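Worksheet: one structure, shown below.
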Amino acid sequence: MSDSTFTPRVFSGIKPSGGLTLGNYLGAIKRWVDMQDGAMETLYCSVDLHAITVWQDPATLKKGTREIAAGMLASGIDPETSILFNQSQVPEHTQLGWILNCVARMGWMNRMTQFKDKAGKNAEKVSLGLYAYPSLMAADILLYHATHVPVGEDQKQHVELTRDIAAKFNNDFGVDFFPMTEPVIEGPATRVMNLRDGTKKMSKSGESDMERINMLDDADTIAKKFKKARTDPEGIPESVEGLEGRPEAANLVNIYAGLANSSPQAVVAEYAGAGWGTFKPALAELAVEKLAPISDEMKRLMDDPAEIDRKLARGAQRAREIATPVLERTYDIVGLLRS
Ligand code: ATP
Ligand code: MG
């Protein structure tokens with residue numbers, strides 16, 4: 001393995017900490033499907049070891065791990081073209097994770113805004129794993145020498161941390177071993193916001209079900225959630241500038257653009273002057289049109305968990321073929337004896 005030539009490679013993951021949301025779909029999965037058809041090798045992962053940084057019921061975790069895989073498959077991830085697996089079946093992630101824990105600095109971890117958001121006032125009571133999780137995420141990426149990581153805006157800081165860790169490792173050991181990974185944050189819906197509070201992002205682990213659209217929501221639920229979504233008295237403006245300072249309005253327009261493969265400019269042009277009573281039902285209809293075939297397929301796949309497990313096992317095997325030599329070389333660089 002040459003240390004300084006990096007084959008372009010894509011890695012990304014979603015944690016089974018709840019059901020998939022429209023945010024996960026537009027910010028991540030939909031874009032992964034697009035990248036799968038490009039020139040780069042693609043690896044997509046249900047990152048179960050990240051999910052357990054907060055308490056997970058064991059049976060729910062297993063089901064959730066399969067559900068994330070089903071969501072990726074139903075959205076168009078091809079398990080032959082891409083390598084699709086769950087993180088815990090590739091133990092090299094945690095092995096490299098420990099080494100990177102010893103490279104990452106406390107000061108860097110202390111700056112991670114997502115930890116602050118998730119820990120809130122409870123920082124003394126959350127797990128050590130929640131604090132350390134960005135360095136395991138760096139290991140997820142660097143284990144495959146991934147050069148590109150398609151994520152939502154919320155993960156930008158963690159990919160930047162990955163670069164800092166890679167640079168420090170390379171520098172400490174005088175090698176050019178880990179690549180400087182690029183976050184790929186593109187499209188109109190890189191930060192889908194909470195439907196009840198446009199200043200917070202939509203999350204699968206958020207408190208209220210009304211704040212998010214789940215990929216498995218039925219048509220009536222989707223319509224109801226958009227209908228109740230918070231907005232302001234103004235409707236759709238004449239131009240996108242009119243969305244400034246209106247997070248809830250901007251969010252609904254961005255979601256529409258993401259689902260329609262369009263742009264906020266085009267959406268505003270089409271609906272200029274319309275009230276929410278016109279726009280929200282149109283948005284709900286579009287969301288159902290795009291999500292219903294995916295959720296139907298997810299349910300079909302979830303009826304055969306053994307088949308999902310077979311696909312994940314095969315993916316893990318392929319992932320390990322890439323991971324093993326990278327981890328062995330890392331051990332050698334660090335001076336860990338392999339006899
Ligand atoms: P949790 O609340 O448990 O953190 P989550 O919904 O934030 O769940 P993650 O598993 O943390 O989901 O993230 C998976 C991927 O989805 C990441 O690439 C992340 O950037 C993206 N993502 C998550 N939420 C959004 C969102 N609201 N808008 C766009 N992308 C998102
Ligand atoms: Mg998250």
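The values are calculated or read from the model by the stated rules, or taken from the named source; none is laboratory data. All values derive from a computational prediction rather than experimental measurement. A quick note on method: Cβ atoms are made from the backbone with ideal geometry, for glycine too, and the neighbour counts reach across all protein chains shown.
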(request) Select the helices (runs of 4 or more DSSP H) contained entirely in the range 249-339, then report the ones holding at least 3 residues which are loosely packed, with under 13 Cβ neighbours inside 10 Å and out of contact with any Leu (no Cβ under 7 Å at 6 or more places or on another chain). (result) 276-302, 305-334
(message) Which of the numbered conditions does F173 fail, given that it passes all the others? Conditions: (1) within 16 Å of ligand 2 (Cβ to nearest atom); (2) aromatic (F, W, Y); (3) surrounded by fewer than 21 Cβ atoms within 10 Å (Cβ to Cβ).
(response) (1)
(message) Suppose the filter is at pLDDT 95 or above, away from ligand 1 (no atom under 11 Å from the Cβ) and of a type in the set (D, E, K, R); does R31 pass it?
(response) no
(request) Would you point out the residue of the range 205-230, among those that are surrounded by fewer than 20 Cβ atoms within 10 Å (Cβ to Cβ) and in a loop (DSSP other than H, G, I, E, B), that is nearest to ligand 2 (Cβ to nearest atom)? (result) S205
(request) Return the residue satisfying two criteria in turn: it lies in the range 13-55 and is outside any helix (DSSP H, G or I), touching a Lys or Arg at 6+ places or on another chain (Cβ under 9 Å) and among the hydroxyl-bearing types (S, T, Y), and of such residues it is surrounded by the most Cβ atoms within 10 Å (Cβ to Cβ). (result) S46
(request) Considering (1) in contact with a Lys or Arg (Cβ under 9 Å, 6 or more places away or on another chain); (2) more than 8 Å from ligand 1 (Cβ to nearest atom), say which one F6 fails and leave the rest. (result) (1)
(request) Restricting attention to the range 163-204, report how many residues are in a loop (DSSP other than H, G, I, E, B), closer than 27 Å to W98 by Cβ and among the charged types (D, E, K, R). (result) 1
(request) Would you mind stating whether E92 is farther than 23 Å from R338 by Cα and away from ligand 1 (no atom under 15 Å from the Cβ)? (result) no
(request) Name the one entry in E211, E238 that is acidic (D, E) and within 15 Å of ligand 1 (Cβ to nearest atom). (result) E211
